[in-house]
Each structure stands twice: as structure tokens, then as C-alpha cells.
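The values are calculated or read from the model by the stated rules, or taken from the named source; none is laboratory data. None of the values given here were measured: they were computed from a predicted structure. Reconstructed Cβ throughout: ideal geometry from the backbone, glycine too, with neighbour counts over all protein chains shown. Note: accessible area is taken over every heavy atom of the protein model, side chains too, but ligands, DNA and RNA are not part of it. Shrake-Rupley method; radii C 1.70, N 1.55, O 1.52, S 1.80 Å.
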Amino acid sequence: MRQYEPDRPTPVVAAAMRRSLRTGRGALARRSFLGGALAVGGAGALSACGIPAAGKSQGGVSADDHSATEKVVNFSNWPEYIDVDDSGKTHPTLDAFRKRTGITVKYTEDINDNDEFFGKIQPQLAAGQDTGRDLIVLTDWLAARMIRLGYVQKLDASNLPHAFANLSDQFRSPDWDPGRAYSYPWQGISTVVAFNKKALNGVEVKSVSDLLDNPALKGRVGLLTEMRDTVGMTMLDMGIDPAKFTGDNYDAVIARLQKAVDKGQIRRFTGNDYTSDLSKGDLAACVAWGGDIVQLQADNPDVAYVIPDSGYMTSTDNLMIPNKARHKTNAERLIDYYYEPEPAAELSAYVNYVSPVADVQPYLAKIDKGAASNPLIVPDKAMQAKSHAFRALSSKEETAYQQKFAKLTGA
């Protein structure tokens, strides 16, 4: 068990954290839990760099690449999920990319929910039309669906030397995109056990078992409405591998969680709105997202977290190039740019999520030593070794498991 109570961040970083918590990625429902199936099948190969291709049921559809004559990338992302200067009007890393390459990034913050965004672009993709976007950022379960449906293009590894070389081992080969043939992480997201020290009043919390079973916490525990995080953390606590579980394993987890609900242990299941209750102490402890905890600690020294001995769950938001994108090469150059340590460090210093770039720490330390030493932003090797991902689901599994989880949560 590892417990962290890092030093309070510098005023500059604290201000960025507060902006993100108030209006940005952390303030949104990070992942809509009514996602589609994640099954991926088949295999191929990328010739460059020896990266194996991910399986899919259909091939992505390319368009004529206009990158050489149109120096632009149309990039869609979530709000407040990139560095911003003090004026709040420009993005320093994008400006540096333009100055170096001559490529202008038309940056749009138009992804507020995975399902909503999919509904916006799916009709165009299904019709074989250009979405008007060259680069998009999607959470892992939706990224998997996009690959399965053949809605995104295979990446050209020859345009991604930094990405291939610098991608952290922790994120290198998810089961839904082996070898990262179609995606690269924008940021990683850790799911941990968080608590309010003042509200605990000496009660020890070091595991999910403590949340579910300690009578001293009755009615003061929060769990997430994101199935993969709440179920995944409970699986780990029960000694079940979230990457290899069976239907019987899943039912056993639901039964354990139901027992905690029935005896009044759980105050409620929440999205990001748990942050206010945790900070105030209405929740004594909960399953939480690491980025939120970094932000809360900027204002409240009573908020802390623990990495259980059983491990923790990790997910990613991912860069992908949709079918018919006009500027594929330019988009790949932008992906690769963010895998250089300097821009990766600038991005991490602002957004405070897990950097997917290996060896970013010394570059981040030049900007802010507190951020560089925070394991929720730069996990060390020991913490990475305790990271687990939820396995891909078939359409049938997705429907069945979500129905059972919805019944548990009262959704």
C-alpha cells in the first residue's frame, strides 16, 4: 500500500488546477458509461518500426492527403485539455508547433461527452464522408469501438518516430489496439482510493475492502458511475484480473457491491460531482480519478489518496485520425510532436493527468518540481507495475454488464 500526501503545488500550477476543476476536463463527466462494445478481432502488420497492427472488422478509409499543399490540422479535443497562456487565448505548445513546421492547428474544444460526440460524427463516417476533423481525442472504450467499426485510419509509423520511441510501456499495447496501430494516448487517467483525512478522524483506509466493509464509514463512501472503474477496482480487491475476468467473476463483484449498498455503506454513485462532497468531508472516502485529486489537493490539504496493494485501474484518452481526413500526415506530425519530452512536459504541467511519455519527468521538473514528483502525473516504475486495464468487451457482454451495473446503481 502506498499513500501520497504531496507538497502543495506552486501558485502557477495551482491556478491551472483550479481552472481545470472549474471548467475543464475534470469538471465534465469524464467518461459516459453507456458506451458500445469493445470487441476487436483480426490482425495485420505495420511495416515500419515493427509495430503490429490492431485487429478490426473493417479497414479505415483514407482520402487524398492534402498535407503538402494545405498546412493545417483540424483538431477536436475536450475543453481545458491543453496548455493555455496567461491570457487564456492561445496555446503555447500549438504555437511552437506552427512556428517549427508552418502547420496551423485549428483547435476546437467540441468534445463534451463521448456518446454525444460519437452521435455527431457517426452519420458522416457511416456515409463515408469527411467529418471536417483530422485529429480527435476519444476515451479508450469509444476508441475501441471506432477501430472495430473501421471508422479510423491506420497510422503511418514512419511519421511517428518520437511516439513509438517515447510511449510509456504502461500504455504501449492495449488489447483493443495492440501495438498502437490506430491510436496514441493523449493523457492517461488513474483510478485510486481517495479520502478526507479530517472526515476519517483516525480511521485507516488502504483498500476497496475498507470502503465496502468498515462500519465506521457507513453512509460516507462514494463509488463511481463509470462501470469499468468501480467494478475494476473491486475486481482487483477480490484478486480478479480485470484483463481476464469471466462472467461469473463479474457477477461475484456485482454481488459484493450490492451487499455494501444493501447495508447502507455506500452514500451514492457519482460522476465527477463527488469532488465537492470529498472536499467538504461529506464523503469520508471514495473511488476517485487521479486528475481530480491533484486538483482538489491544490485547495484542500485534507484530501489524500492511496494506491491499494491490489493495484489500481488505468484508462486513456486517445488521439485518432478519422476516415477521410484531408490532412493525415499533418495530424501524424502533431501526434509525434506531443511525444517529444519538452512539449509533453508543458502539456502535463497544465492538465495534470498522467503523461504517456516516458522520461518526461526531468523536463517537467524544469517547469514545476511538485508536478514532476507527483505519481498521479508521472507514475514511477513501482506504481506503473500496479496499473491494470479493463479488458475489451463484446457487444453482448457490454449490454449485459451495463444492465447489471445500472440496476446496482439505480440508474
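Here are a few things to note about the model shown:
- Against the list (1) open to solvent by less than 10 Å² (accessible area, probe 1.4 Å); (2) closer than 15 Å to L211 by Cα, the condition D309 fails is (1).
- Filter result for T234 (in contact (Cβ under 8 Å) with a residue 24 or more places away in the chain, more than 20 Å from K396 (Cα to Cα) and in contact with a Phe, Trp or Tyr (Cβ under 7 Å, 6 or more places away or on another chain)): no
Table: residues versus (1) assigned to a loop (DSSP other than H, G, I, E, B); (2) open to solvent by 30 Å² or more (accessible area, probe 1.4 Å); (3) touching a residue at least 12 places away in the same chain (Cβ under 8 Å).
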site: G119; (1), (2), (3): no, yes, no
site: R133; (1), (2), (3): yes, yes, yes
site: L138; (1), (2), (3): no, no, yes
site: L142; (1), (2), (3): no, no, yes
site: D175; (1), (2), (3): yes, yes, yes
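- Unmet requirement for Q403, which otherwise passes all of (1) closer than 14 Å to Y250 by Cα; (2) assigned to a loop (DSSP other than H, G, I, E, B): (2)
- Pairs are defined by a Cβ separation below 9 Å, a sequence spacing of at least 6 or placement on different chains, a first member in the range 255-270 that is free of Cβ contacts under 8 Å to residues at least 60 places away in the same chain, and a second member that is aromatic (F, W, Y) and open to solvent by less than 50 Å² (accessible area, probe 1.4 Å); the pairs so defined are R268/Y274.
- Single match in D309, D368, D277, D302 (criterion: within 23 Å of P174 (Cα to Cα) and over 20 Å from the mean Cα position of the chain (by Cα)): D309
- Qualifying residue in the range 202-218 (condition: among the basic types (K, R) and in a helix (DSSP H, G or I)): no
- Members of the range 297-306 that are in contact with a strand residue (DSSP E or B) (Cβ under 7 Å, 6 or more places away or on another chain), surrounded by fewer than 24 Cβ atoms within 10 Å (Cβ to Cβ) and of a type outside the set (D, E, K, R): A304, V306
- Residues of the range 268-296 that are open to solvent by less than 10 Å² (accessible area, probe 1.4 Å) and part of a loop (DSSP other than H, G, I, E, B): L283, A284.
- In this entry, I367 is excluded by the filter for residues that are in contact (Cβ under 8 Å) with a residue 12 or more places away in the chain and open to solvent by less than 20 Å² (accessible area, probe 1.4 Å).
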